[in-house]
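Let me begin by presenting the structure, written as structure tokens, before commenting on it.
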Amino acid sequence: MLSALDLARRIEAGSLTPAGAVDLCAQAIAAREAEVGAFVILDLDAAKANASSDEARLKSLPLRGVPVGFKDIFDTVDFPTAYGSSIYAGHRPRSDAALVAMARRAGAVILGKTVSTEMAFLDPAHTRNPHNLAHTPGGSSSGSAAAIAAGMLPVAIGTQTGGSVIRPASYCGITGFKPSYRLLPMVGVKCFSWSLDTAGIFAASVADAAFAAASITGRDLRIDRTPPSAPRIALVRTHIWSEASPVMQGAVETAARAAEKAGANVREITLPTILEDAFRIHPVLQNYEAARALASEYDRHRDQLPKLLRALLDNASAITANEYDDARRITKRARKAYIDVMAEFDVILTPSAPSAAPKGLASTGDAKFNRLWTLLGSPCVNVAGISDNEGLPLGVQIVGRFGRDHEALEAANFVETAIAK
């Protein structure tokens with residue numbers, strides 16, 4: 001995989017140019033894109049030309065000209081934006097999404113758009129898992145995760161409404177960082193659920209993801225300059241622990257032991273029942289909002305919508321306003337309860353997914369181990385480094401406190417290092 005930090009440091013030192021970084025991506029794309037299918041559209045020639053002509057300016061900016069890819073639900077001026085759907089084939093936005101503009105200002109060289117499932121829901125796209133092409137890369141940020149795992153990009157941007165950053169990161173054996181809700185702007189991104197949709201970052205390591213997030217936002221999120229301090233970790237099995245495969249359960253316990261051995265304070269806790277209620281109402285909140293966010297597509301193009309999305313929108317009309325408002329009230333209480341839970345801890349350790357990536361491309365997997373944390377708006381990081389007997393990655397999830405993204409990234413880096421040792 002390509003390290004964003006390594007590329008940026010080499011560009012800063014003069015041993016690599018931004019155009020040379022594009023070349024490294026192009027080589028990996030030439031070698032693997034035909035079988036992985038991570039991209040909707042690429043313009044490597046334009047990226048290299050821009051990197052060459054604008055080299056001096058790019059080298060002065062935080063990202064130094066590091067190549068970046070965006071999920072195809074972010075509006076882009078230079079590329080079509082189809083939201084993974086034939087309904088929007090050839091659609092050309094007149095402006096960049098806010099996060100795209102921020103990345104350009106920070107010195108990103110945008111290579112193209114990565115595959116999204118249609119409207120960022122569950123109907124699978126064609127992307128394959130680089131670790132084993134017979135397995136799903138997860139979704140809905142399928143292409144973003146696969147592009148990082150295949151070494152075709154050092155940084156890719158995706159989104160999460162249920163588990164669409166953490167789950168594909170787990171399946172593909174990379175870092176996925178879902179920040180606190182709204183830390184990254186969603187202006188100019190196709191909406192599915194306005195209370196839940198969250199932009200996230202994929203990279204080769206936790207330090208790489210933190211570097212990219214810091215560079216794009218201007219926030220103090222970098223964790224590569226000092227050794228991480230030992231965190232206070234709550235081991236949380238949740239009420240659905242039995243639905244994690246034995247190997248995933250083993251991965252979480254392995255990570256806990258490694259972190260404790262490295263000096264972390266690890267203690268198992270049980271969550272209050274209000275968080276079980278919050279887990280239950282996530283689909284109510286999501287689907288009620290999706291029916292409104294996608295009302296035009298449903299009313300005008302229902303027959304063009306894929307099977308699972310069409311069924312969701314068909315059924316979402318049965319959710320009442322009272323049920324939705326009750327879900328919002330439960331969400332508010334759950335967020336307060338979570339603050340109380342975390343009074344004695346820095347982060348939670350829990351599964352990133354039920355298992356390794358399922359075989360076949362008929363499903364993007366299950367977000368059940370992600371939905372609660374998305375609803376709470378907490379920062380989440382997938383930590384890679386553990387695999388099953390077939391060599392498929394098993395990610396563990398670090399969940400932080402809302403607005404404490406630096407702490408969450410630092411703790412994830414600590415666990416990543418502990419696992420590696």
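Worth a mention:
- Scanning the stretch 116-144 for residues that are of a type outside the set (Ser, Thr, Tyr) and out of contact with any Lys or Arg (no Cβ under 9 Å at 6 or more places or on another chain) yields a count of 10.
- Out of ALA19, ALA47, sole residue that is in contact with a Lys or Arg (Cβ under 7 Å, 6 or more places away or on another chain), of a type outside the set (Lys, Arg), part of a helix (DSSP H, G or I) and crowded, with 16+ Cβ neighbours inside 10 Å: ALA19
This table checks each residue for (1) out of contact with any strand residue (DSSP E or B) (no Cβ under 8 Å at 6 or more places or on another chain); (2) β-branched (Val, Ile, Thr).
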{"residue": "GLU33", "(1), (2)": "no, no"}
{"residue": "ALA38", "(1), (2)": "no, no"}
{"residue": "ALA49", "(1), (2)": "yes, no"}
{"residue": "VAL77", "(1), (2)": "yes, yes"}
{"residue": "HIS91", "(1), (2)": "yes, no"}
{"residue": "ALA97", "(1), (2)": "no, no"}
{"residue": "LYS113", "(1), (2)": "no, no"}
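- Counting the residues of the stretch 212-244 that are among the small types (Gly, Ala, Ser), at negative phi and assigned to a loop (DSSP other than H, G, I, E, B) gives 3.
- Output for the stretch 245-270, where each listed residue is part of a loop (DSSP other than H, G, I, E, B) and either surrounded by 15 or more Cβ atoms within 10 Å (Cβ to Cβ) or in contact with a Leu (Cβ under 9 Å, 6 or more places away or on another chain) (or both): SER245, ALA262, ALA264
- Residue within the stretch 280-302 that is under 24 Å from the mean Cα position of the chain (by Cα), touching a residue at least 12 places away in the same chain (Cβ under 8 Å) and assigned to a loop (DSSP other than H, G, I, E, B) present: yes
- Scanning the stretch 133-182 for residues that are surrounded by 24 or more Cβ atoms within 10 Å (Cβ to Cβ), of a type outside the set (A, V, I, L, M) and in a strand (DSSP E or B) yields GLY158, THR159, GLN160, THR175, GLY176, PHE177, LYS178.
- Yes/no for TYR324 being within 22 Å of ILE281 (Cβ to Cβ), surrounded by 14 or more Cβ atoms within 10 Å (Cβ to Cβ) and among the hydroxyl-bearing types (Ser, Thr, Tyr): yes
- Residue, surrounded by the most Cβ atoms within 10 Å (Cβ to Cβ), within the stretch 368-421, restricted to residues that are hydrophobic (A, V, I, L, M, F, W, C) and under 14 Å from GLN160 (Cβ atoms): VAL381
- Residue identified as under 21 Å from PRO124 (Cα atoms) and basic (Lys, Arg) among LYS332, LYS359: LYS359
- Residues (closer than 18 Å to ALA51 by Cβ, in contact with a Pro (Cβ under 7 Å, 6 or more places away or on another chain) and crowded, with 17+ Cβ neighbours inside 10 Å) located in the stretch 74-98: THR76
- Residue in the stretch 115-131 that is surrounded by fewer than 22 Cβ atoms within 10 Å (Cβ to Cβ) and of a type in the set (Phe, Trp, Tyr) present: no
- Residue match in the stretch 314-325 (condition: without any contact (Cβ under 8 Å) to a residue 60 or more places away in the chain and closer than 23 Å to ARG182 by Cα): yes
Yes or no, residue by residue, for (1) over 20 Å from TYR83 (Cβ atoms); (2) of a type in the set (D, E, K, R):
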{"site": "VAL115", "(1), (2)": "no, no"}
{"site": "ASN132", "(1), (2)": "yes, no"}
{"site": "GLY143", "(1), (2)": "no, no"}
{"site": "GLY176", "(1), (2)": "yes, no"}
{"site": "ARG182", "(1), (2)": "yes, yes"}
{"site": "PRO185", "(1), (2)": "no, no"}
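- Residues being part of a helix (DSSP H, G or I) and either at pLDDT below 95 or buried (at least 24 other Cβ atoms within 10 Å of the Cβ) (or both) - total across the stretch 99-114: 2
- Some residue of the stretch 352-372 being under 18 Å from HIS239 (Cβ atoms) and of a type in the set (Val, Ile, Thr): no
- Contact annotation: residue pairs with Cβ atoms under 8 Å, 6 or more positions apart or on different chains, pairing a residue in the stretch 6-33 that is touching a residue at least 40 places away in the same chain (Cβ under 8 Å) and more than 15 Å from ALA149 (Cα to Cα) with a partner that is among the β-branched types (Val, Ile, Thr) and in a helix (DSSP H, G or I), are THR17/ILE11; PRO18/ILE11; ALA21/ILE11.
- Scanning the stretch 408-421 for residues that are assigned to a helix (DSSP H, G or I) and over 14 Å from ARG225 (Cα atoms) yields ALA408, ALA411, ALA412, VAL415, GLU416, THR417, ALA418, ILE419, ALA420.
- Of the residues making up the stretch 344-367, those that are closer than 23 Å to PRO379 by Cβ and either assigned to a loop (DSSP other than H, G, I, E, B) or at pLDDT below 95 (or both) are PHE345, ASP346, SER352, ALA353, PRO354, THR364, GLY365, ASP366, ALA367.
- Note on the stretch 183-209: residues that are in contact (Cβ under 8 Å) with a residue 60 or more places away in the chain, under 13 Å from the mean Cα position of the chain (by Cα) and assigned to a strand (DSSP E or B) amount to 4.
- If you go through the stretch 257-279 and keep only what is in contact (Cβ under 8 Å) with a residue 60 or more places away in the chain and of a type in the set (Gly, Ala, Ser), you end up with ALA258, ALA259, ALA262, ALA264, ALA278.
The values are calculated or read from the model by the stated rules, or taken from the named source; none is laboratory data. All values reported here derive from a predicted model rather than from experimental measurement. Cβ atoms come from the backbone with ideal geometry, glycine included; neighbour counts cover every protein chain shown.
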